Amino acid sequence: METPSIGLPAAAPAPRRPVLGVPRRLPLGLLLPALALLVAELAVRTGSVPANLMPAPSEIAATLAWLAEHGLAGHLASSCLRVAAGFACGALLALLLGALVALKPHAARLLDPSFQALRAIPSLAWVPLLLLWFGIDETPKLILIAIGAFFPVYMGVVSGIRGVDRKLIEVGRLYRLAPLALARRVLLPAALPAVLTGLRNGLSLAWMFMVAAELIAASQGLGYLLTDGRESSRADIMLAAIVLLALLGKASDSVMGALEKRLLAWRDSDVTGARA
Amino acid sequence: MRETTNLGTLLDIAIDDKRYGTRAVLQGMRLQLDPGEIVSLIGASGCGKSSLLSIAAGLDPHYRGSVRLRGQATGGPNPEIGLIFQEPRLFPWLSVAQNIAFGAPAAAHDSARIDALLEEVGLSGYGDALPKQLSGGQAQRVALARGLYTAPRVLLLDEPFSAVDAFTRMRLQDLLARVAAERRLTVLLVTHDIDEALYLSDRIVLMGGRPGPARAEFAVELTRPRARTELAGAAMKAAILDSLHAVHAI
């Protein structure tokens, strides 16, 4: 985003007006969660909410601390690894097949109808079948996460490449780019915004399907913690797992958001920070 | 039926038939450009000016006829024939310098040449800027530099200055006149601006509202550099306007 040494007028960011006199950098987004925590804590302390159903935030924090010393790292690692591996497989496959379908009309006629049909199936419907086919070890979980990540990425790639401005493609043809060079130098960069949106949506779905997979059959992971909490009626453990899922989801999405912002710095839009 | 190409002709565009679906847009159109000649093509919108340019640039193979450069059929885009579009059509993810060098393989990226071109179009120091940081006129200057990077002999321009304000347009016209003279370019300019045609060209070709050969040709024998206020052009402008009216009246 930084302007080169010459003073270009359009590059200067418009000064943001302070809202209600609040200094610009104060994380205003933290206000609501902090308030919610405070209200919950007070409600439990005063006895207006039963502590066994809605433990106080301080108790959840204590549970988290206890879990940290009793294998939390293992749960976190298994969940994160599953998401990473499943997302990587699903997204990579979607990038390749999406590019193929978008670039080759024959491939589109052959593959796209089937993908659209598969996309119409709610992905969780695969769970029983996956369990039957692959048992309860890692394979069905990774496949489920990959399926979840596949379709948003696939849709992003296809719509991104198909939506590339014909006028830019014409410039590529004018300079006699070979099909591969045209794809690399014009189509893919132009499709990048849609592809990145697809990746971001795919990643959040990967987290969702990871929990679904672990709820059904796992002995490690945050989904397992949720099941474990339910079986032992420990709302504090369930809430601790939910808090961790929220933090991990937000962290990974922020990484994707930062990547998007960096890769798409060339875009002529003033929405920077709107999704951060 | 077709007259032979003059030895002196650099670009010879002969379009027997060009149609979109069943609608013919160009028929029996012949246009020959001598080396170093600047020709403007004017006519009502929809008369096929842009189609003709697209065919001449080799972007549209769906027509009957031929485009010959020094007597050789081009059969597609040719590095010796550059095209400047109505819009700058810069790649927003590439810097100005990368946009300019787009037409050449990455290995041939020649920063000295890019800097020289930037200076030529009056944008020294803008090499690292992104297209979003440019004004419309600046972007069109970069587009011109990109068109010149491959050192074409012929430059085709499709209403290149129609999207900028009047002052910017005059400065861009001056730039084009200077560049064309310095590089001894052969130029085919599609425009709907009679003043622009009179200011820039050696010859003005008028296309009719219906497909067919050119309706009229005007040789502009004014000395260069030309003044925009020159009275000698006024008589010719009246004649061109009359012809345009006649064409529309048919």
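Would you tally the residues in region B:92-117 being more than 16 Å from residue B:150 (Cβ to Cβ) and under 23 Å from the mean Cα position of the chain (by Cα)?
1
Could you check residue A:108 against (1) surrounded by 12 or more Cβ atoms within 10 Å (Cβ to Cβ); (2) within 18 Å of residue A:202 (Cα to Cα); (3) modelled with pLDDT under 95 and say which number it fails?
(2)
Looking only at region B:47-105, how many residues end up being in a loop (DSSP other than H, G, I, E, B), more than 24 Å from residue A:190 (Cα to Cα) and more than 9 Å from every other protein chain (Cβ to nearest Cβ)?
Adding up the residues that qualify gives 10.
May I ask you to list the residues in region B:60-113 that are of a type in the set (Phe, Trp, Tyr) and farther than 21 Å from residue A:268 by Cβ?
Within region B:60-113, B:63 is the sole residue that qualifies.
Output the qualifying pairs, or none if there are none: Cβ atoms under 6 angstrom, residues six or more apart or on different chains, first residue in region A:193-218 and farther than 30 Å from residue A:161 by Cα, second residue of a type in the set (A, V, I, L, M) and buried (at least 22 other Cβ atoms within 10 Å of the Cβ).
Listed pairs, sorted by first residue: A:213/A:144.
So which residues in region B:6-41 are part of a strand (DSSP E or B) and among the β-branched types (Val, Ile, Thr), if there are any at all?
Within region B:6-41, B:13, B:15, B:25, B:38, B:39 qualify.
Return the pairs, sorted by first residue and then second, in which the second residue is in a helix (DSSP H, G or I) and surrounded by 15 or more Cβ atoms within 10 Å (Cβ to Cβ), the first residue lies in region A:36-59 and is charged (D, E, K, R), the beta carbons are less than 7 Å apart, and the residues are 6+ apart or on different chains.
So the pair list comes out as A:41/A:57; A:59/A:236.
Give just the number: which of (1) assigned to a loop (DSSP other than H, G, I, E, B); (2) in contact with a helix residue (DSSP H, G or I) (Cβ under 8 Å, 6 or more places away or on another chain); (3) among the acidic types (Asp, Glu) does residue B:230 not satisfy?
Exception for residue B:230: condition (2).
When you go through B:172, B:156 one by one, which is the residue that is crowded, with 18+ Cβ neighbours inside 10 Å and within 14 Å of chain A (Cβ to nearest Cβ)?
None of the others qualify; the one that does is B:156.
State whether one or more residues within region B:34-55 are among the charged types (D, E, K, R), touching a strand residue (DSSP E or B) at 6+ places or on another chain (Cβ under 9 Å) and loosely packed, with under 14 Cβ neighbours inside 10 Å.
no
Filter region B:152-179 for residues that are in a loop (DSSP other than H, G, I, E, B) and more than 13 Å from the chain's Cα centre (by Cα) and give the result.
Those that are in a loop (DSSP other than H, G, I, E, B) and more than 13 Å from the chain's Cα centre (by Cα): B:163, B:164, B:165.
Only one of (1) surrounded by fewer than 20 Cβ atoms within 10 Å (Cβ to Cβ); (2) not β-branched (Val, Ile, Thr); (3) not in a helix (DSSP H, G or I) fails for residue A:245. Which number is that?
(3)
Of a type in the set (Val, Ile, Thr), surrounded by fewer than 22 Cβ atoms within 10 Å (Cβ to Cβ) and within 14 Å of another protein chain (Cβ to nearest Cβ): which single residue out of A:127, A:164 fits that description?
Going through A:127, A:164 in turn, just one is of a type in the set (Val, Ile, Thr), surrounded by fewer than 22 Cβ atoms within 10 Å (Cβ to Cβ) and within 14 Å of another protein chain (Cβ to nearest Cβ): A:164.
Restricting to region A:109-139, give me the number of residues that are free of Cβ contacts under 8 Å to residues at least 40 places away in the same chain and farther than 17 Å from residue A:216 by Cβ.
The total comes to 12.
Would you check which residues across region A:215-225 are of a type outside the set (Val, Ile, Thr), at pLDDT below 90 and not in a loop (DSSP other than H, G, I, E, B) and list them?
Listed by number, the list holds a single entry, A:215.
Would a scan of region B:114-126 turn up a residue that is at the interface with chain A (Cβ under 8 Å from one of its Cβ atoms), assigned to a loop (DSSP other than H, G, I, E, B), crowded, with 16+ Cβ neighbours inside 10 Å and not polar (S, T, N, Q)?
Checked against the condition, which is being at the interface with chain A (Cβ under 8 Å from one of its Cβ atoms), assigned to a loop (DSSP other than H, G, I, E, B), crowded, with 16+ Cβ neighbours inside 10 Å and not polar (S, T, N, Q), region B:114-126 yields at least one hit.
Within the bounds of region A:179-197, is there any residue that is more than 11 Å from every other protein chain (Cβ to nearest Cβ) and over 19 Å from residue A:103 (Cα atoms)?
Yes: region A:179-197 contains one or more residues that are more than 11 Å from every other protein chain (Cβ to nearest Cβ) and over 19 Å from residue A:103 (Cα atoms).
I'm told residue B:141 meets every condition in (1) more than 13 Å from chain A (Cβ to nearest Cβ); (2) outside any helix (DSSP H, G or I); (3) buried (at least 21 other Cβ atoms within 10 Å of the Cβ) except one. Can you identify the failing condition by its number?
Result: residue B:141 fails condition (2) only.
If I go through region B:105-146 residue by residue, how many of them are touching a Phe, Trp or Tyr at 6+ places or on another chain (Cβ under 9 Å) and among the small types (Gly, Ala, Ser)?
Residues flagged as touching a Phe, Trp or Tyr at 6+ places or on another chain (Cβ under 9 Å) and among the small types (Gly, Ala, Ser) within region B:105-146 amount to 2.
Taking the condition within 16 Å of the chain's Cα centre (by Cα) and either at pLDDT 90 or above or among the aromatic types (Phe, Trp, Tyr) (or both), does residue B:139 pass?
It is false that residue B:139 is within 16 Å of the chain's Cα centre (by Cα) and either at pLDDT 90 or above or among the aromatic types (Phe, Trp, Tyr) (or both).
Output the residues belonging to region A:146-161 that are away from chain B (no Cβ under 14 Å) and more than 25 Å from residue A:248 (Cβ to Cβ).
A:157, A:158, A:159, A:161
Being farther than 30 Å from residue B:20 by Cα, assigned to a helix (DSSP H, G or I) and touching a residue at least 40 places away in the same chain (Cβ under 8 Å), is that true of even one residue in region B:200-219?
Yes, region B:200-219 contains a residue that is farther than 30 Å from residue B:20 by Cα, assigned to a helix (DSSP H, G or I) and touching a residue at least 40 places away in the same chain (Cβ under 8 Å).
Identify all residues within region A:132-179 that are of a type in the set (Ser, Thr, Tyr) and part of a helix (DSSP H, G or I); write none if there are none.
Across region A:132-179, the qualifying residues are A:139, A:154, A:159.
Here are A:241, A:258: which of them is over 28 Å from residue B:95 (Cα atoms) and more than 14 Å from every other protein chain (Cβ to nearest Cβ)?
Being over 28 Å from residue B:95 (Cα atoms) and more than 14 Å from every other protein chain (Cβ to nearest Cβ) holds for just one of A:241, A:258, which is A:241.
The values are calculated or read from the model by the stated rules, or taken from the named source; none is laboratory data. Computed from a prediction, not measured in an experiment: that's the story for all the values here. For neighbour counting, all protein chains shown are included, and Cβ atoms are generated from backbone atoms with ideal geometry for every residue, glycine included.
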